[in-house]
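This report concerns only the one structure given below.
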Amino acid sequence: MSAIATEPRVVTAPAPTRQPRKRWTRFILPTYTAAFMLYLSFPIFIIILFSFNQTRTGFGTAPRVKTRWIGFTFDWYQRVFDIPDLTAALQHSLLIALSSALAAAALGTFIGLALGRYRYRGRSATDFVIFLSISSPEIVLGAALASFFVSLSVPRGLFTLFLSHTMFSIAFVAVIVRARAQGLDRALEDAAMDLGAGPVTTFVKVTLPLVFPGILAGFLLAFALSMDDFVISQFVQGPATMFPTWVFGATRVGIPPHVFVFATFIFAGGVVLTLVNLAALRRRT
């Protein structure tokens, strides 16, 4: 037998991997993001902070706000309803915001679906009117609406506020719903009709659930715009004072801490809704 000679295997050690060099530029984006978030949140933190400020000077049950910290207290949360005019103004704002947002969501949804899914005569004119409603200055809209109601001898109050807030919110809802409708797959609706569903059933069970995120976003935006509106409300409110206009009038003598308490409640409500929405999305995913 002949022995087969084998050459010894040479095992080479792997070359040492070079660690990537950490550059200082990696801190730019996180720092910019943190600074941007702080810049946006700073006024909200000030509002929450001053809702606990122990202010003792001013007029009666509505003390004047001081620009310096005096002490920590929960008194204003216990006496949040001590100013009847402020409470009534907040109730008016919540009522008008909720009702006008619902009306704007209903009307804006159909306009957005029509613009996003169909081609018809007058579509370009509708686009132009929506753009005009969004881009027009609020002071122009408020003056025009006030003149319109006065010319028709319509008494200004909650009804005129509802009509005005619904009018300027429809355009925002329509734009959001149109963007959502343009990305829908028409094959889903065709499949539902092929399976025997009528147009109404297809809309309720297929189309409406698909565009509902856009409707919800438009509703929340309309609600926020109505709660925050001052210029148009100032022109058409009449004797029914809204929350922003009451706060503006109170600046002449001093904003009471109750305003900061209400603002904190509104902000906390928005945070809770956001967290619930995120939890629902995570659970669905």
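Here is how the numbers come out for the structure above:
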item	result
Electrostatic dipole magnitude of the range 129-285 [Cβ: Lys, Arg +1; Asp, Glu -1; Cα centre; debye, to 20]	300
The chain: angle of helix 257-284 to the longest principal axis, Cα-based, in degrees nearest 10	40
Efficiency of FRET from Cβ geometry, I134 and F27, R₀ 51 Å, rounded to 0.05	0.85
Heavy-atom accessible area per residue - the chain, 1.4 Å, Å²	67
Tensor-based shape of the range 198-285 (alpha-carbon gyration tensor, a/c under 1.5 rounded, otherwise prolate or oblate)	oblate
Extension reserve of the V204-L278 stretch, reckoned as 0.36 nm per residue once the Cα distance is removed	24.2 nm
Unit charges on C-beta of K, R, D, E only; dipole of the chain, Debye	1000
Label-point separation in nm, T73 to L95, each point 7 Å along Cα→Cβ	3.2
Helical contribution to [θ] at 222 nm, DSSP H n ≥ 4, -39,500 (n - 2.57), averaged over the chain, rounded to 500	-22000 deg cm²/dmol
Relative contact order [Cα under 8 Å, 6+ residues apart], the range 109-188, whole percent	65
Degrees separating the helix 28-50 axis from the principal Cα axis of the chain, which is the longest one	30
Kirkwood Rh in Å, taken over the range 72-164 so that all alpha-carbon pairs contribute	16.7
Cα centroid separation - the range 154-191 against the range 84-129, whole Å	4
Sparse-neighbourhood loop sites, trypsin sites (Lys or Arg not before Pro) in the range 93-134 - DSSP loop, at most 15 other Cβ within 10 angstrom	R119, R121
Carbon and sulfur %, accessible surface of the chain computed with the full protein complex present, 1.4 Å	68
Relative contact order [Cα under 8 Å, 6+ residues apart], the range 156-285, whole percent	34
Degrees between helix 158-182 axis and first principal axis of the chain (Cα, 0 to 90, nearest 10)	20
Cα→Cβ-extended label distance, 7 Å offset, between F148 and L216, nm	3.2
For the chain, average projected area of the Cα convex hull in nm²	33.2
Relative contact order (%) - criterion: Cα under 8 Å, at least six apart; region: the chain	30
Linear extension gain, T126 paired with Y39, 0.36 nm per residue minus alpha-carbon span	27.6 nm
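The values are calculated or read from the model by the stated rules, or taken from the named source; none is laboratory data. No experiment lies behind these values; they were computed from the predicted model shown. Neighbour counts are summed over all protein chains in view; Cβ atoms, including those assigned to glycine, are modelled from backbone coordinates with ideal geometry. All accessible areas refer to the heavy atoms of the entire protein, side chains included, with ligands and DNA or RNA removed. Shrake-Rupley method; radii C 1.70, N 1.55, O 1.52, S 1.80 Å.
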